[in-house]
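Undergrad: Here's a structure for you.
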There are 2 protein chains.
Amino acid sequence: MSTESRIIARLLGESPPAPPAGPGDDAALVPGDVAVSVDTMIEGVHFDERLSAADVGWKLVAVNSSDIGACGRLPDWSLLALSLPRPLDDDWLDGFAAGLHAALTHFGVRLIGGDTTTSPGPISATLTIASKPGGPFITRSGGQAGDHVWVTGTLGDSAAGFLHGTPAGLAWLRRPQPPVALGAALGASGLVTAMMDLSDGLMCDLKRLCEASDVGALIQPEQLPVGPALAGVSEVLPLQVAFGEDYQLLLCAPPSSDSALNRLAQSHRISLTNIGTLTAERDVMLRSKPWPKAYFSHFESSQVC
Amino acid sequence: MSTESRIIARLLGESPPAPPAGPGDDAALVPGDVAVSVDTMIEGVHFDERLSAADVGWKLVAVNSSDIGACGRLPDWSLLALSLPRPLDDDWLDGFAAGLHAALTHFGVRLIGGDTTTSPGPISATLTIASKPGGPFITRSGGQAGDHVWVTGTLGDSAAGFLHGTPAGLAWLRRPQPPVALGAALGASGLVTAMMDLSDGLMCDLKRLCEASDVGALIQPEQLPVGPALAGVSEVLPLQVAFGEDYQLLLCAPPSSDSALNRLAQSHRISLTNIGTLTAERDVMLRSKPWPKAYFSHFESSQVC
């Protein structure tokens, strides 16, 4: 069990949430039929000098919006808790506010309030985000053996930016553009059985989906979508499955949905790739290859899946 | 303008929230008629060795619940974002979880999810809290000249604990018990015109209420309720008005509500004291005395009102 899982187990131990509001899902469902989520970004843990203040503001909204889209919902409102060292760095704050508002506009999120405080340590920003009410709420637990496994966009872009500094990779690392509107459309379509966003890498995240769905998976490594961010990188597989910060959708659907899924993705101008199949046998495997060793994403040496 | 006000102005500048979801109120109103709020506690800023891990867990829920009660609502669900240094201090985490769950039970709040992360700096805990849906939403802005001004409980308890170490003072500093259920009952009663919780001291908070309501106030300093926490303290007024962390309710109501207010408070076994009157003239004054110099609550040298 990872350190984070241990912490969550202790914190939630005495009040286990009722499904489908599980700690395993990207968001929780609350009264009023609203999906809510919270994510923190800390200087030196979730970002460093590779990200400008504006990038941090953008990314905070983007990764939180990704959680809502991954549940098949559209984001609606947010609350910001921001802790900043003193003396206040006005330039940093201005940049952060500019990036934050650019992303709020892009993802259609309102900032309705928050809390600001002094920090004697690193910058810390926590965003709580909520969906518009109503509609299906897609979890990780509905996958069925025989379902096709799909991912949006390309994998490994943030990894290529972080580890190799490729321009397209750095662009995604700094300003990820998760397919939130497509996630909401997929939720509304009734086509998908399980969905989540890829934040910790396909290897970790697919294992979580399979565990929640009580299935296994067989993934075709040569099918994993490669984008320009990986140009010039010799060994791409570890970046594509074992780093994280992809903020793409991982979704499952019966083969009968193939055509409709492709049409829906095309209408959103998002690429969608079938990368394998869910299996009744519970192993989660790459065909003909072992899973590579995990990178320590988020700079956290304790992170394992 | 305080540093916090400057930060809030910059962050909200480009998307001013619609009333009554103002940054000036203890909570914001969101679709579904739910009041939401967020508050952060950081080691070395909002707590130090005076508070055990269990106290921190309790207080995080208590101060957030206080914000919801101050809007005339009952709290319902919460999301926790917790950042902890590594290696993980299991004893601290166990204590925090115990205090957190004791307060969740006491205030009737469900913890439905959250985010945990490594921190290279101090412990930081952010709780987002939401009310049950429906019912009146009481703001700071409805006060009318001629209204009586009331406070619940006693003032200066946390100050006495923090500055003088009195036992009852330390008890309130560590485990505040804001009158959340009474706040919700006051909201539902239709008796009050304006309400907020006292987190930064009567001097600051009353000025905020008066500014929002476009009125002034004349407060009778000898009426400010004194409890056992102040026993043996020679000069109590600064502790009662200029420190903070009272987590009592400050409320206004027309004199015709006096009897009904008293009956409601008695039914909740909470003391309620008339401390003065709102005035058409916009000065906010203590009768026959100047306001004392502000303590720097929350250890924040930048905090002024």
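The values are calculated or read from the model by the stated rules, or taken from the named source; none is laboratory data. None of these values were measured; they are calculated from a predicted model. Note: ideal-geometry Cβ built from the backbone for every residue, glycine included; neighbour counts use all protein chains shown.
Undergrad: Check B:Asp76 against each of (1) surrounded by 24 or more Cβ atoms within 10 Å (Cβ to Cβ); (2) under 18 Å from A:Thr128 (Cβ atoms); (3) within 13 Å of another protein chain (Cβ to nearest Cβ); (4) under 20 Å from the mean Cα position of the chain (by Cα) and name the one condition it does not meet.
TA: Every listed condition holds for B:Asp76 apart from (1).
Undergrad: Take B:Pro238 and tell me if it is in contact (Cβ under 8 Å) with a residue 24 or more places away in the chain, outside any helix (DSSP H, G or I), over 18 Å from B:Asp283 (Cα atoms) and not acidic (Asp, Glu).
TA: No; evaluated as a whole, the condition is false for this residue.
Undergrad: Quick one: how many residues across the range B:119-133 are within 7 Å of chain A (Cβ to nearest Cβ) and within 21 Å of B:Val192 (Cα to Cα)?
TA: Matching residues across the range B:119-133 total 1.
Undergrad: State whether the residues of the range A:271-284 include one that is under 19 Å from A:Asp67 (Cα atoms), crowded, with 22+ Cβ neighbours inside 10 Å and either of a type in the set (A, V, I, L, M) or under 18 Å from the mean Cα position of the chain (by Cα) (or both).
TA: yes
Undergrad: Separate question: Can you spot a residue in the range A:17-34 that is over 21 Å from B:Ile123 (Cα atoms), modelled with pLDDT under 90 and among the charged types (D, E, K, R)?
TA: So far as the range A:17-34 goes, yes, one or more of its residues are over 21 Å from B:Ile123 (Cα atoms), modelled with pLDDT under 90 and among the charged types (D, E, K, R).
Undergrad: Give the residues of the range A:238-257 that are touching a helix residue (DSSP H, G or I) at 6+ places or on another chain (Cβ under 6 Å) and either farther than 30 Å from A:Phe137 by Cβ or surrounded by fewer than 18 Cβ atoms within 10 Å (Cβ to Cβ) (or both), sorted by residue number.
TA: Correct list: A:Leu239 only.
Undergrad: Out of contact with any Gly (no Cβ under 7 Å at 6 or more places or on another chain), of a type outside the set (D, E, K, R) and free of Cβ contacts under 8 Å to residues at least 24 places away in the same chain - does that describe any residue in the range A:142-165?
TA: yes
Undergrad: What about B:Ala70, is it facing another protein chain (nearest Cβ under 7 Å), among the small types (Gly, Ala, Ser) and more than 20 Å from A:Ile42 (Cβ to Cβ)? Lay out the reasoning, then the answer.
TA: Details: facing another protein chain (nearest Cβ under 7 Å): no; among the small types (Gly, Ala, Ser): yes; more than 20 Å from A:Ile42 (Cβ to Cβ): yes.
It is false that B:Ala70 is facing another protein chain (nearest Cβ under 7 Å), among the small types (Gly, Ala, Ser) and more than 20 Å from A:Ile42 (Cβ to Cβ).
Undergrad: Of all residues in the range B:84-99, how many are at the interface with chain A (Cβ under 7 Å from one of its Cβ atoms) and under 13 Å from B:Leu60 (Cβ atoms)?
TA: 1
Undergrad: A further question on this structure: Mind counting the residues in the range A:45-73 that are under 14 Å from the mean Cα position of the chain (by Cα) and part of a helix (DSSP H, G or I)?
TA: Of the residues in the range A:45-73, 12 are under 14 Å from the mean Cα position of the chain (by Cα) and part of a helix (DSSP H, G or I).
Undergrad: Can you tell which of B:Pro167, B:Pro122, B:Pro136 is more than 16 Å from the chain's Cα centre (by Cα) and under 30 Å from A:Ala125 (Cα atoms)?
TA: Numbers: B:Pro167 fails: under 30 Å from A:Ala125 (Cα atoms); B:Pro136 fails: under 30 Å from A:Ala125 (Cα atoms).
Among B:Pro167, B:Pro122, B:Pro136, only B:Pro122 is more than 16 Å from the chain's Cα centre (by Cα) and under 30 Å from A:Ala125 (Cα atoms).
Undergrad: Okay, moving on. For the range B:134-161, what are the residues that are within 14 Å of chain A (Cβ to nearest Cβ) and modelled with pLDDT of 95 or more? Working first, answer last.
TA: Our first condition is that a residue be within 14 Å of chain A (Cβ to nearest Cβ); within the range B:134-161, this holds for B:134-135, B:137, B:139-140.
Selection gives B:Phe137, B:Thr139, B:Arg140.
Undergrad: Here's a follow-up. Taking the stated definitions as given, is A:Ala102 more than 7 Å from chain B (Cβ to nearest Cβ), in contact with a Leu (Cβ under 6 Å, 6 or more places away or on another chain), of a type in the set (Gly, Ala, Ser) and in contact (Cβ under 8 Å) with a residue 40 or more places away in the chain? If you could, list the steps in order and put the result at the bottom.
TA: Details: more than 7 Å from chain B (Cβ to nearest Cβ): yes; in contact with a Leu (Cβ under 6 Å, 6 or more places away or on another chain): no; of a type in the set (Gly, Ala, Ser): yes; in contact (Cβ under 8 Å) with a residue 40 or more places away in the chain: yes.
No; evaluated as a whole, the condition is false for this residue.
Undergrad: Given the criterion over 24 Å from A:Val284 (Cα atoms) and part of a helix (DSSP H, G or I), identify the matching residue among A:Ala212, A:Ala229.
TA: Details: A:Ala212 fails: over 24 Å from A:Val284 (Cα atoms).
Within the list A:Ala212, A:Ala229, the selection yields A:Ala229.
Undergrad: Being in the same structural domain as B:Ile275 (by TED's automatic domain parsing), touching a residue at least 40 places away in the same chain (Cβ under 8 Å) and either of a type outside the set (Ser, Thr, Tyr) or farther than 18 Å from A:Thr40 by Cα (or both) is the requirement here; does B:Asp94 meet it? It would help to see each step written out before you state the result.
TA: Values: in the same structural domain as B:Ile275 (by TED's automatic domain parsing): no; touching a residue at least 40 places away in the same chain (Cβ under 8 Å): yes; either of a type outside the set (Ser, Thr, Tyr) or farther than 18 Å from A:Thr40 by Cα (or both): yes.
So B:Asp94 fails the test.
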